[in-house]
Amino acid sequence: MASIRDLPPVHRFLQDPTILAWVEKLGQKVVTEQVRAFLGHVRGEIQRGGSPSLDWNDLLGQFCAHLETNSGRHFREVINATGIPLHTNLGRSPLAESAARAAYLAGCRYTNLEIDLDSGLRSSRQKPLREVLCRLTGAESATVVNNCAAATILVLRAMALNREVIVSRGQLIEIGGSFRLPEIMATSGAQLREVGSTNITRIGDYEKAIGPQTAALMRVHTSNFRIRGFTQETSLEELIELGRKHSLPVIDDAGSGAIQDPASFGLAGEPLPQEAMKAGADVTLFSGDKLVGGPQAGIICGRRSWIEKIEKDPFMRAVRCDKMTLAALEETLKLHQDPALARREIPLLRMLSRSAEELRAIALGWATRLQDPRWKVEPIETHAFVGGGSLPEERLVTWVVALTSDAPGETWAKNLRGSRPAILARIEKDRLLLDPRAVFEDQVNTLVESVKQAWPAPLNR
Ligand SMILES: *Cc1c(COP(=O)(O)O)cnc(C)c1O
C-alpha cells in the first residue's frame with residue numbers, strides 16, 4: 001500500500017539533474033510550485049484509496065510529463081487536416097518561410113522601423129509597405145493597420161464622420177466575432193443609409209438616397225455568403241460613375257482582397273484590389289491574412305488625399321501594426337510581385353492551387369500508411385471550403401482519407417486534438433476524415449503516427 005509518508009520531499013525533486021534542466025528554463029519558483037501541485041495530486045490519489053507507484057523513477061517520469069503539460073506555452077503547432085486553408089480559429093493563413101523569417105529578425109533584433117538609414121532621420125513605418133502596395137495595386141497611396149475591421153472604421157471616420165454613407169441592404173454583412181457592418185458604422189461615427197432590398201439594389205436606389213448629408217457610397221463584398229435566385233447587385237463601376245456625377249467618393253470594402261486572381265486557381269468571384277483601383281474607387285480595403293496569405297493586417301489602398309487624412313487620425317495610432325507584422329507583410333507582398341514565386345512560396349496559394357489529382361495521390365499514400373485491422377481506410381472524393389470568409393460557394397474538389405471503426409469518431413478526434421502537435425480533423429457520420437490540402441509535407445509522419453496512437457478502444461468490447 002502506498003502511504004503519504006513515503007512521498008519524497010520537494011527538495012529531492014529540485015536536486016535531480018533532469019529537474020535542474022527545467023529549473024534553468026522555467027525558474028526555481030515555477031518548478032517548486034509545480035512539484036507541490038504534483039505531490040498534492042499524488043497525495044489526493046492515496047487519500048482516495050488509490051495506490052500510485054511511489055518508485056522514484058516513476059514519480060520523476062510522471063512529474064516531467066506534468067511539467068510538460070502544465071508549464072508549456074498555450075499556443076502550439078496544430079496540424080490542419082480539416083481541408084480548410086483559411087481557418088480563422090487556427091490563425092488564418094500560415095506565413096511564407098521568408099515572411100516568418102523577416103518577422104523573426106524584426107522581433108529579436110533592432111530594425112530600421114522608423115529611421116531612414118541614408119539620412120539618419122526619422123521616417124515612416126508605412127513607407128516601404130506603401131511602395132510595394134502601390135506597385136501591386138496601381139493605387140496612388142496606401143497604408144496598413146491592425147486588421148480590416150480597423151481599416152473600415154478609419155476609412156469611415158476620414159470620409160464620413162457625422163454624415164451618411166449609402167450601402168445596399170444586401171451588403172450589411174456580419175463576418176463573425178463582432179464584425180457587423182451596421183455596428184462598425186455606428187462605432188465609426190458615420191451614419192448608415194440603407195438602400196434597396198436584401199436581394200435587389202439598383203443604381204437608382206443609391207441615386208434617390210443622395211442628399212446634402214451624403215458623404216460617400218460604399219460597396220461591401222459579401223465575402224461569406226451569396227444571394228441566389230432573383231437578385232441584382234449594382235456593380236462597383238456603376239457606383240463609381242454615380243459617385244463622379246455627384247462628386248461623392250466611393251469606398252470598396254473588399255474583405256479578402258486577392259492579389260493573385262483566384263480565377264487562376266479555378267476559383268472565381270473575389271474582388272481584386274487592383275481592379276477596384278483601375279475602376280476608380282477612392283479607397284479599397286482588405287485583410288492581410290485572408291487571400292493575401294500574410295500576417296493579420298488591414299490594408300487600405302486609394303487616393304493620396306484620403307490616405308493622408310486617415311494617417312492624421314489619432315485613432316490610427318491605436319490600431320497601428322508592430323514591426324514583426326510589417327516585416328512579414330512586406331516580404332509577403334514582395335512575393336506577390338512575381339505570381340509564380342507567390343504560388344510557390346505562399347502556403348495559402350500553394351494549398352489553393354493543389355489539384356484534385358495531386359490530392360488524390362496524397363490521400364492514396366496516406367491510406368496505405370494508415371492500413372490497420374482496427375479500422376477501415378478509404379480514400380474518398382469530396383468537397384472543401386476555403387474558409388476565413390472567402391469564396392463561400394467555391395467548393396474545392398478534394399480527396400480525403402476516411403477512417404471508420406467501432407470506436408466513436410468524436411473521441412478519436414478529441415484525442416487527436418490532445419496530441420502534440422495537436423491535430424484537427426473533420427467528423428462526418430462518425431467517420432474521421434483527414435484532408436491533405438492544408439497539411440504540410442513535414443507534418444505527415446507525425447500525423448500518421450498520432451492517428452494510430454489516438455484511436456480510442458471501443459467502449460463495449
Ligand atoms: C473579413 C472581412 C472584414 C474584416 O476583416 P478582419 O481583417 O478580420 O478584421 C471586413 N470586411 C469584409 C468584407 C471581410 O470579408
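The values are calculated or read from the model by the stated rules, or taken from the named source; none is laboratory data. All values reported here derive from a predicted model rather than from experimental measurement. Don't worry about glycine lacking a Cβ; one is built from the backbone with ideal geometry, like all the others, and counts go over all protein chains shown. When the accessible area is computed, the model is the full protein with side chains, heavy atoms only, and any ligands, DNA or RNA have been set aside. Shrake-Rupley method; radii C 1.70, N 1.55, O 1.52, S 1.80 Å.
Can you run down the residue pairs with Cβ atoms below 9 Å, 6 or more apart or on separate chains, where the first is in the range 66-77 and under 13 Å from V31 (Cα atoms) and the partner is surrounded by 10 or more Cβ atoms within 10 Å (Cβ to Cβ) and aromatic (F, W, Y)?
Pairs that qualify, where the first residue is under 13 Å from V31 (Cα atoms) and the partner is surrounded by 10 or more Cβ atoms within 10 Å (Cβ to Cβ) and aromatic (F, W, Y), are H66/F38; L67/W22; L67/F38; N70/F38; S71/W22.
Name every residue in the range 184-203 that is open to solvent by 80 Å² or more (accessible area, probe 1.4 Å) and over 16 Å from T222 (Cα atoms), in order of residue number. Before the answer, list the steps.
Step one: filter the range 184-203 for residues open to solvent by 80 Å² or more (accessible area, probe 1.4 Å), giving 187, 191, 193, 198, 202.
Answer for the range 184-203, where residues must be open to solvent by 80 Å² or more (accessible area, probe 1.4 Å) and over 16 Å from T222 (Cα atoms): T187, Q191, R193, R202.
Would you confirm whether any residue within the range 361-376 is within 30 Å of K452 (Cα to Cα), acidic (D, E) and surrounded by fewer than 19 Cβ atoms within 10 Å (Cβ to Cβ)? Lay out the reasoning, then the answer.
First pass over the range 361-376, keeping only residues within 30 Å of K452 (Cα to Cα): 361-376.
Still in the running and acidic (D, E): 372.
Going one step further and asking which of them are surrounded by fewer than 19 Cβ atoms within 10 Å (Cβ to Cβ), we end up with 372.
Yes, the range 361-376 has at least one match.
Can you name the residue in the range 76-91 that is over 13 Å from G418 (Cα atoms) and in a loop (DSSP other than H, G, I, E, B) and, of all such residues, is farthest from the ligand (Cβ to nearest atom)? Before you say what the answer is, go through the steps one by one.
Start the filter on the range 76-91 by keeping residues that are over 13 Å from G418 (Cα atoms), which leaves 80-91.
Next, from what is left, pick out any that are in a loop (DSSP other than H, G, I, E, B): 81-85, 87, 91.
Working: A81: 24, T82: 19, G83: 20, I84: 15, P85: 15, H87: 13, G91: 12 Å.
It comes out as A81.
Looking only at residues in the range 215-264 that are in a strand (DSSP E or B) and either open to solvent by 40 Å² or more (accessible area, probe 1.4 Å) or at pLDDT below 90 (or both), which one is farthest from I300 (Cα to Cα)? Before you say what the answer is, go through the steps one by one.
Restricting attention to the range 215-264, the residues satisfying the condition of being in a strand (DSSP E or B) are 215-220, 232, 250-255.
Pick out the ones that are also either open to solvent by 40 Å² or more (accessible area, probe 1.4 Å) or at pLDDT below 90 (or both) and you get 219, 232, 255.
Details: R219: 14, Q232: 27, G255: 11 Å.
Looking at the filtered set, the residue picked out is Q232.
Please work out which one of (1) at pLDDT 95 or above; (2) out of contact with any strand residue (DSSP E or B) (no Cβ under 7 Å at 6 or more places or on another chain) is the condition V167 fails and give its number.
Result: V167 passes all but (2).
Which of the residues spanning the range 3-61 are closer than 18 Å to G72 by Cβ, touching a residue at least 40 places away in the same chain (Cβ under 8 Å) and open to solvent by 30 Å² or more (accessible area, probe 1.4 Å)?
Selection gives T18, W22, L26, V30.
Looking at the range 168-186, which of its residues are more than 10 Å from the ligand (Cβ to nearest atom) and in contact (Cβ under 8 Å) with a residue 24 or more places away in the chain?
If the condition is that a residue be more than 10 Å from the ligand (Cβ to nearest atom) and in contact (Cβ under 8 Å) with a residue 24 or more places away in the chain, then S168, R169, G170, L172, M185 are the ones that fit.
Considering D435, D406, D430, which residue is closer than 17 Å to K376 by Cα and either crowded, with 20+ Cβ neighbours inside 10 Å or of a type in the set (S, T, N, Q) (or both)? Before the answer, list the steps.
Values: D406 fails: either crowded, with 20+ Cβ neighbours inside 10 Å or of a type in the set (S, T, N, Q) (or both); D430 fails: either crowded, with 20+ Cβ neighbours inside 10 Å or of a type in the set (S, T, N, Q) (or both).
After ruling out the rest, the residue left standing is D435.
Which residues, counting only those in the range 195-214, are in contact (Cβ under 8 Å) with a residue 40 or more places away in the chain and part of a strand (DSSP E or B)? Before the answer, list the steps.
So in the range 195-214, the residues in contact (Cβ under 8 Å) with a residue 40 or more places away in the chain come out as 206, 209-211, 213-214.
Passing the criteria: only T214.
Is it the case that W412 is farther than 29 Å from G288 by Cα, open to solvent by 20 Å² or more (accessible area, probe 1.4 Å) and aromatic (F, W, Y)?
On the way: farther than 29 Å from G288 by Cα: yes; open to solvent by 20 Å² or more (accessible area, probe 1.4 Å): no; aromatic (F, W, Y): yes.
No; evaluated as a whole, the condition is false for this residue.
Regarding L192, is this residue outside any loop (DSSP other than H, G, I, E, B) and away from the ligand (no atom under 15 Å from the Cβ)?
So L192 does not fit the description; no.
When I299 is evaluated against the numbered criteria (1) over 21 Å from E194 (Cβ atoms); (2) touching a strand residue (DSSP E or B) at 6+ places or on another chain (Cβ under 8 Å); (3) part of a helix (DSSP H, G or I), which criterion, by number, is the only one it fails?
(3)
For the range 281-290, check the following and say yes or no: at least one residue is within 14 Å of the ligand (Cβ to nearest atom), charged (D, E, K, R) and outside any helix (DSSP H, G or I).
yes
Looking only at residues that are open to solvent by 30 Å² or more (accessible area, probe 1.4 Å) and within 16 Å of the ligand (Cβ to nearest atom) in the range 125-148, which one is nearest to the chain's Cα centre (by Cα)?
Among those residues, the one meeting the criterion is N147.
Test G72 against the criterion of being surrounded by fewer than 15 Cβ atoms within 10 Å (Cβ to Cβ) and at pLDDT below 95, and give yes or no. Outline the logic, then answer.
Working: surrounded by fewer than 15 Cβ atoms within 10 Å (Cβ to Cβ): yes; at pLDDT below 95: yes.
The answer is yes for G72.
Going residue by residue through the range 345-365, is there one that turns out to be more than 22 Å from G255 (Cα to Cα), in a helix (DSSP H, G or I), touching a residue at least 60 places away in the same chain (Cβ under 8 Å) and under 18 Å from the mean Cα position of the chain (by Cα)? Steps first, answer last, please.
Taking the range 345-365 first, the residues more than 22 Å from G255 (Cα to Cα) are 345, 354-365.
Those left that are additionally in a helix (DSSP H, G or I): 345, 356-365.
Next, only the ones that are touching a residue at least 60 places away in the same chain (Cβ under 8 Å) stay: 345, 359, 362-363.
Subsequent filtering for residues that are under 18 Å from the mean Cα position of the chain (by Cα) retains 345.
So far as the range 345-365 goes, yes, one or more of its residues are more than 22 Å from G255 (Cα to Cα), in a helix (DSSP H, G or I), touching a residue at least 60 places away in the same chain (Cβ under 8 Å) and under 18 Å from the mean Cα position of the chain (by Cα).
Taking the conditions exactly as written (farther than 26 Å from E207 by Cα and within 14 Å of the ligand (Cβ to nearest atom)), does G298 satisfy them or not?
Values: farther than 26 Å from E207 by Cα: yes; within 14 Å of the ligand (Cβ to nearest atom): yes.
Criteria met by G298.
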